[in-house]
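The values are calculated or read from the model by the stated rules, or taken from the named source; none is laboratory data. Because the structure is a prediction, the values reported are computed rather than measured. Cβ atoms come from the backbone with ideal geometry, glycine included; neighbour counts cover every protein chain shown.
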Ligand code: IPE
Ligand code: IPE
Ligand code: MG
């Protein structure tokens, strides 16, 4: 493989609506095509050795969307896993989630739980769906848990960069190496905040449903050329 492979890739999958609009189709078609793109890309990511792929599927702020759009998005996991769960099982991909699922319809929660259960022993790519997820909410919840633990133990527990992530949703996940956002917007939109502290950022113009292996390779080529200094100096200095 000629590219450096990020251990943890995080994607802000934006532009499903614009993809559909440009084709004169309903936004739901964009979301369906977007979900197909997740399946193809995760099989490819697994093949090239990416270990963690976190995809932003529904933000804490997406509750502001119209009811009919949200209702379609809540049905999409069933459509998606009916079509593709077997592919994930066959390819050793482990399905995970971050975010507060309890606000979603029970049917959707059950589908997600079943996908997680059926892939829980898989050891390949961890494919993590951020659903009703917000980076600020995750940090607040960490603060709450920390404070609760301090009160329970009746002392001020030491915090370090090593133990602080234990209060986050996926303590076992490494920091994000690369964030890709599709569809031209250059913002984070409350995605992983702590975890992207030293991530490389790539913004592409293509809408998410058009994102494919070739485009991921292009992003990896850019990522490979980035000089990740983490506050230090590079070898030439
Ligand atoms: C991203 O596509 C998917 C979700 C936020 C659920 P959008 O629905 O945001 O598409 P645009 O940005 O309106 O084109
Ligand atoms: C970010 O996209 C959330 C997801 C991709 C799920 P949005 O379309 O919601 O972001 P904004 O509103 O343009 O910042
Ligand atoms: Mg958008």
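Descriptive notes on the structure:
- Boolean, residue 141 is modelled with pLDDT of 95 or more, away from ligand 3 (no atom under 16 Å from the Cβ) and not in a helix (DSSP H, G or I): no
- Residues of the stretch 189-221 that are assigned to a loop (DSSP other than H, G, I, E, B), more than 13 Å from ligand 1 (Cβ to nearest atom) and touching a residue at least 24 places away in the same chain (Cβ under 8 Å): 192, 193, 198, 199, 204, 212.
- Residue list for the stretch 40-52, filter: farther than 17 Å from residue 10 by Cβ and surrounded by fewer than 17 Cβ atoms within 10 Å (Cβ to Cβ): 40, 47
- Flag for residue 186 being more than 22 Å from residue 73 (Cβ to Cβ), touching a strand residue (DSSP E or B) at 6+ places or on another chain (Cβ under 7 Å) and in a loop (DSSP other than H, G, I, E, B): yes
- Considering the stretch 1-17, the residues that are surrounded by fewer than 18 Cβ atoms within 10 Å (Cβ to Cβ) and in contact with a helix residue (DSSP H, G or I) (Cβ under 9 Å, 6 or more places away or on another chain) include one that is modelled with the lowest pLDDT, namely 1.
- For the stretch 4-29, the set of residues classified as in a loop (DSSP other than H, G, I, E, B) and away from ligand 2 (no atom under 12 Å from the Cβ) consists of 4, 5, 6, 7, 23, 24, 25, 26, listed by residue number.
- Answer residue from the stretch 79-92, given it is closer than 17 Å to residue 107 by Cβ and surrounded by 16 or more Cβ atoms within 10 Å (Cβ to Cβ) and is farthest from ligand 2 (Cβ to nearest atom) among those: 85
- Residues of the stretch 36-58 satisfying the condition of being touching a helix residue (DSSP H, G or I) at 6+ places or on another chain (Cβ under 9 Å) and within 12 Å of ligand 2 (Cβ to nearest atom): 38, 54, 55, 57, 58
- Within the stretch 21-34, residues that are in contact (Cβ under 8 Å) with a residue 40 or more places away in the chain have Cβ atoms under 7 Å from residues that are outside any helix (DSSP H, G or I) and crowded, with 18+ Cβ neighbours inside 10 Å in these pairs: 34/13, counting only partners at least 6 apart in sequence or on another chain.
- Test set (1) closer than 26 Å to residue 93 by Cα; (2) in contact with a helix residue (DSSP H, G or I) (Cβ under 6 Å, 6 or more places away or on another chain); (3) surrounded by 22 or more Cβ atoms within 10 Å (Cβ to Cβ) - residue 29 fails condition number: (3)
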